[in-house]
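Read the structure below first, then the notes.
The values are calculated or read from the model by the stated rules, or taken from the named source; none is laboratory data. If you're wondering where the values come from, they're calculated on a predicted model, not measured in any experiment. Reconstructed Cβ throughout: ideal geometry from the backbone, glycine too, with neighbour counts over all protein chains shown.
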């Protein structure tokens, strides 16, 4: 998968690239938060970050996996790409839940042979 133009990419382009690479490293994640709203609203809403919840097994592998695609750790939870001034990655602790709803079953899309996960349109309305 080709990287997006980091200077101009939107939330969806950045997320697809990052999540696709994390899947390849064996790190399963779910996109939550405002970036999900940005994707489903086709850019009418904008978010300054991508909140991605990794599975517990993958959390320890995040720094190394993200380094491979150019992201630098600001601490163990926040990562920034030097060419992307308008977005950063955040990895909050899980589990994925909405209010009292647990477990949350994320939507899944296939991108170049890998399954990427994000909250469904209905679930993202609950968080906006």
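Brief remarks follow.
- Of all residues making up the stretch 105-123, the number that are touching a helix residue (DSSP H, G or I) at 6+ places or on another chain (Cβ under 6 Å) and modelled with pLDDT under 95: 2
- Index of the failed condition, residue 100 passing every other in (1) out of contact with any helix residue (DSSP H, G or I) (no Cβ under 7 Å at 6 or more places or on another chain); (2) surrounded by fewer than 19 Cβ atoms within 10 Å (Cβ to Cβ); (3) touching a residue at least 12 places away in the same chain (Cβ under 8 Å): (3)
- Within the stretch 66-75, tally of residues that are surrounded by fewer than 14 Cβ atoms within 10 Å (Cβ to Cβ) and within 10 Å of residue 89 (Cβ to Cβ): 1
- Residue check, residue 51 crowded, with 17+ Cβ neighbours inside 10 Å and in a helix (DSSP H, G or I): no
- For the stretch 58-74, the condition holds for no residue, the condition being that it is over 21 Å from residue 6 (Cβ atoms) and touching a residue at least 40 places away in the same chain (Cβ under 8 Å).
This table checks each residue for (1) at negative phi; (2) modelled with pLDDT under 90.
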residue	(1), (2)
39	yes, no
50	yes, no
99	no, yes
125	yes, yes
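- Filter result (crowded, with 21+ Cβ neighbours inside 10 Å, part of a helix (DSSP H, G or I) and touching a helix residue (DSSP H, G or I) at 6+ places or on another chain (Cβ under 9 Å)) within the stretch 10-47: 11, 14, 15, 18, 22, 35, 36, 38, 39
- Exactly one residue out of 82, 63, 95 is surrounded by fewer than 19 Cβ atoms within 10 Å (Cβ to Cβ), in contact with a strand residue (DSSP E or B) (Cβ under 6 Å, 6 or more places away or on another chain) and over 18 Å from residue 122 (Cβ atoms), and it is 63.
- Residue 58 passes every criterion in (1) modelled with pLDDT of 95 or more; (2) surrounded by fewer than 22 Cβ atoms within 10 Å (Cβ to Cβ); (3) not in a loop (DSSP other than H, G, I, E, B) apart from (1).
Quick grid of which residues meet (1) within 21 Å of residue 37 (Cβ to Cβ); (2) surrounded by fewer than 17 Cβ atoms within 10 Å (Cβ to Cβ); (3) in contact (Cβ under 8 Å) with a residue 40 or more places away in the chain; (4) touching a strand residue (DSSP E or B) at 6+ places or on another chain (Cβ under 7 Å):
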position: 86; (1), (2), (3), (4): yes, yes, no, no
position: 110; (1), (2), (3), (4): no, yes, no, no
position: 115; (1), (2), (3), (4): no, yes, yes, yes
position: 121; (1), (2), (3), (4): yes, yes, yes, no
